[in-house]
Amino acid sequence: MRRLFNNLNERDRRHYAAVEAMRLGHGGIQYISQLLVIDPKTIRIGITELKKTSLSANESAEKEADAPQK
């Protein structure tokens with residue numbers, strides 16, 4: 001896990017840590033921040049970014065579904 005994390009760029013590190021923390025649930029942010037030696041705030045930022053990205057993707061999919069068929 002650490003080897004992969006160390007080879008990622010900054011944004012991907014945030015997202016990877018966020019995904020792992022969310023997967024663990026309660027206490028995941030603290031655990032992953034200690035394991036990967038990163039600030040818990042960084043993980044929270046990654047979670048926020050991922051949620052915004054998934055919301056944007058859902059909105060785009062809904063717009064495509066509502067578009068008239070040709």
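The values are calculated or read from the model by the stated rules, or taken from the named source; none is laboratory data. Keep in mind the model is a prediction, meaning the values are calculated, not measured. Glycine gets a Cβ as well: all are built from the backbone with ideal geometry, and neighbour counts include every protein chain shown.
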Pick from the stretch 1-29, criterion out of contact with any Gly (no Cβ under 9 Å at 6 or more places or on another chain) and of a type in the set (Lys, Arg), ranking: modelled with the highest pLDDT: Arg23
Among residues belonging to the stretch 11-42 that are surrounded by fewer than 16 Cβ atoms within 10 Å (Cβ to Cβ) and either polar (S, T, N, Q) or in contact (Cβ under 8 Å) with a residue 40 or more places away in the chain (or both), point out the one that is nearest to Thr53 (Cα to Cα). Gln30
Residues within the stretch 1-10 that are surrounded by fewer than 16 Cβ atoms within 10 Å (Cβ to Cβ) and touching a residue at least 12 places away in the same chain (Cβ under 8 Å), tallied: 3
